[in-house]
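Beneath this line is the structure, given in structure tokens, with notes to follow.
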Amino acid sequence: MLKSELRQQMRTLKRQFTQQQLDELSLPVVRRLLPLLAEAQTILAFYSLPDEVNTHLLIDDLVAEGKTVLLPKVLNDATMELRRYTGQNDLVEGAFHIMEPIGELFSDYARIDLILVPGMAFDSLGRRLGRGKGYYDRFLRGLESLPHIHTVGVCFDFQKVAEVPMDEHDMSVDEVV
């Protein structure tokens, strides 16, 4: 299956659910994430879009626990930077209508323990299909020299597929939840 076909299939599947149903489907995924997050002190998360596993309460809980939470901010067509998230006041609507952080710039990537990675689809080998812009692939490639960072693909169960097509520039995650 082509990437474009798989993306369309996932969009169609997601549209079968109401926002309330997607929020309810998010709860067991977030519960499965909690043990992975317990030991991590610095976490790169994502502020979910309406059709993604809802991470809004999770990241607020992580901040309340005293953890350093980072969120990506899109800079241009090719790159994103990380900003520290300390609460709802740190967010403004950015590129692609994604809520993005305006907090303090974070560049000490070696301090990151865990990265939560969104995706359209994942397979059991950690191969990931993104939305097609390549932001996470480029960012994760830049972190290859930091093997201690654990990457976790976050998705609904229906987004787990038998095989995700990969190109040479695509990056896999260590684990899928």
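The values are calculated or read from the model by the stated rules, or taken from the named source; none is laboratory data. On a predicted model such as this, the values are computed, not experimentally measured, just so you know. Neighbour counts are summed over all protein chains in view; Cβ atoms, including those assigned to glycine, are modelled from backbone coordinates with ideal geometry. In case anyone asks, the SASA skips ligands and DNA or RNA and just uses the protein heavy atoms, side chains included. Shrake-Rupley method; radii C 1.70, N 1.55, O 1.52, S 1.80 Å.
For (1) surrounded by 12 or more Cβ atoms within 10 Å (Cβ to Cβ); (2) part of a helix (DSSP H, G or I); (3) out of contact with any strand residue (DSSP E or B) (no Cβ under 9 Å at 6 or more places or on another chain); (4) without any contact (Cβ under 8 Å) to a residue 24 or more places away in the chain, each residue gets a yes or a no:
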residue	(1), (2), (3), (4)
GLY126	yes, no, no, no
GLY132	no, no, yes, no
ARG138	yes, yes, no, no
PRO165	yes, no, no, no
HIS169	no, no, yes, no
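Out of contact with any strand residue (DSSP E or B) (no Cβ under 8 Å at 6 or more places or on another chain) and either of a type outside the set (S, T, N, Q) or at pLDDT 95 or above (or both): is that true of GLU52 in this structure? Spell out how you get there, then give the answer.
Working: out of contact with any strand residue (DSSP E or B) (no Cβ under 8 Å at 6 or more places or on another chain): no; either of a type outside the set (S, T, N, Q) or at pLDDT 95 or above (or both): yes.
Criteria not met by GLU52.
Give all pairs with beta carbons closer than 6 Å in which a residue from the range 101-114 that is outside any loop (DSSP other than H, G, I, E, B) meets a residue that is among the β-branched types (Val, Ile, Thr) and crowded, with 17+ Cβ neighbours inside 10 Å; count only pairs at least 6 apart in sequence or on separate chains.
ARG111/THR42; LEU114/ILE43
With the checklist (1) without any contact (Cβ under 8 Å) to a residue 12 or more places away in the chain; (2) touching a His at 6+ places or on another chain (Cβ under 9 Å); (3) of a type in the set (Val, Ile, Thr) in hand, flag the one item VAL92 doesn't pass.
For VAL92, the failing item is (2).
Within the range 29-51, work out how many residues are in contact (Cβ under 8 Å) with a residue 12 or more places away in the chain, open to solvent by 20 Å² or more (accessible area, probe 1.4 Å) and either in contact with a Phe, Trp or Tyr (Cβ under 8 Å, 6 or more places away or on another chain) or not aliphatic (A, V, I, L, M) (or both).
The number of residues fulfilling the criteria is 6.
Looking for something part of a loop (DSSP other than H, G, I, E, B) and modelled with pLDDT of 95 or more - is there at least one such residue anywhere in the range 5-15?
From the range 5-15, those part of a loop (DSSP other than H, G, I, E, B) are none; that's our starting set.
Scanning the range 5-15, I find no residue that is part of a loop (DSSP other than H, G, I, E, B) and modelled with pLDDT of 95 or more, so the answer is no.
Given (1) in contact with a Lys or Arg (Cβ under 7 Å, 6 or more places away or on another chain); (2) part of a loop (DSSP other than H, G, I, E, B), where does ILE43 come up short, assuming only one miss?
(2)
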